[in-house]
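Visitor: The following block contains the structure, expressed as C-alpha cells.
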Amino acid sequence: MKRKTKREMVIEIYDREAMGEVTAREIAQINQGLVAEFGEGGAMTPAEIARVLTDEELPVRFDQIFAMSTPFERYQHIFDNVLQCESLEATEASIRRLDTLYRKFQRLGDRRGARFARELAIREKRRATSLSEKATLAEVQRAEQSEIAQWLTIWLQTPDLFDQWLELRKATPDFKRTFAHLLEHADEKEKHSN
C-alpha cells in the first residue's frame, strides 16, 4: 500500500475531523495529525496547510492563519541573542545559556528544541571557523575565533564534559600564552569591580 502524501493527509484529517471553517485551532490539529503520521519532519507551516485547503476550495480564516507562528519562528524567538560569540568571555556565557536551553528541551522531550540548539551551535562554529581563516583579521582575532570554534566543537561532541574541559583548557600553557592579553584584561576588570 502506497503511503499518503502530506497533502493527502491534510485533506484526510480535515474530512475525518469534520472541521468546517479552518482557524488557527484546526491548523494546529492538522499539524498534530501530520506529526503523528510522518514524525517531527511531517509538520507543515500554517501557510502550507492553508494553501492545500484553499486549493480544495475549503473555507480558511486567513486572518488567523497568518497570525500563527511556525515552530521554527517559536524556536527562533527563544534562541534570539543566545549565542553572542564576539569574545571568549561572551562565548563562554553564551554556551552556558545555550546548554541550559538544550538541557531544558531534552528534559521536556522536545527533540525539535534540542536540535535547534545544536543547529545554532553548528552555524556559529562554522562562522567562527570561517573568521579564523580570514586573512584580513588580526592574528589575535583569528586565534580567538579558532578557539571559539573549538569550544563549540567540544560542546557539540560532549556537552556533559564541556565545563570540565573548558577549565582544563583555560589552565593550559598554550591558552595562557595565546590569550595572555585577555587574561590580563580580565584580571584588571576583576580588580576594578572589587
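Visitor: Does Arg25 satisfy the condition of being assigned by TED's automatic domain parsing to the domain that holds Phe179, exposed (fewer than 15 other Cβ atoms within 10 Å of the Cβ), part of a helix (DSSP H, G or I) and among the charged types (D, E, K, R)? First the steps, then the outcome.
Guide: Working: assigned by TED's automatic domain parsing to the domain that holds Phe179: no; exposed (fewer than 15 other Cβ atoms within 10 Å of the Cβ): yes; part of a helix (DSSP H, G or I): yes; among the charged types (D, E, K, R): yes.
No: the conditions fail for Arg25.
Visitor: Then there's this: Give me the pairs: first residue in the stretch 1-20 and not assigned by TED's automatic domain parsing to the domain that holds Thr45, second residue charged (D, E, K, R) and assigned to a loop (DSSP other than H, G, I, E, B), beta-carbon distance under 7 Å, and six or more apart or on different chains, which are they?
Guide: none
Visitor: Having 1 or more residues that are in contact with a Phe, Trp or Tyr (Cβ under 6 Å, 6 or more places away or on another chain) and over 27 Å from Ser132 (Cα atoms) is the bar; report the helices (runs of 4 or more DSSP H) wholly within the stretch 34-120 that clear it.
Guide: By residue number, 71-79.
Visitor: Consider Met19 against the criteria (1) outside any helix (DSSP H, G or I); (2) within 20 Å of Arg112 (Cα to Cα): it satisfies all of them except one. Which criterion is unmet?
Guide: (2)
Visitor: State all residues of the stretch 121-137 that are part of a helix (DSSP H, G or I), over 17 Å from Phe72 (Cβ atoms) and among the β-branched types (Val, Ile, Thr); if no residue qualifies, say none.
Guide: Result: Thr129, single match.
Visitor: Checking Arg61 against (1) free of Cβ contacts under 8 Å to residues at least 24 places away in the same chain; (2) charged (D, E, K, R); (3) touching a strand residue (DSSP E or B) at 6+ places or on another chain (Cβ under 7 Å): exactly one of these is not met. Which one?
Guide: Here Arg61 meets the rest and fails (1).
Visitor: Could you check the stretch 105-127 and list, in sequence order, the residues that are more than 17 Å from Asn81 (Cβ to Cβ) and over 10 Å from the mean Cα position of the chain (by Cα)?
Guide: Answer for the stretch 105-127, where residues must be more than 17 Å from Asn81 (Cβ to Cβ) and over 10 Å from the mean Cα position of the chain (by Cα): Phe105, Gln106, Arg107, Leu108, Gly109, Asp110, Arg111, Lys125, Arg126.
The values are calculated or read from the model by the stated rules, or taken from the named source; none is laboratory data. As the structure is a prediction and not an experimental result, all values here were calculated from the model. For neighbour counting, all protein chains shown are included, and Cβ atoms are generated from backbone atoms with ideal geometry for every residue, glycine included.
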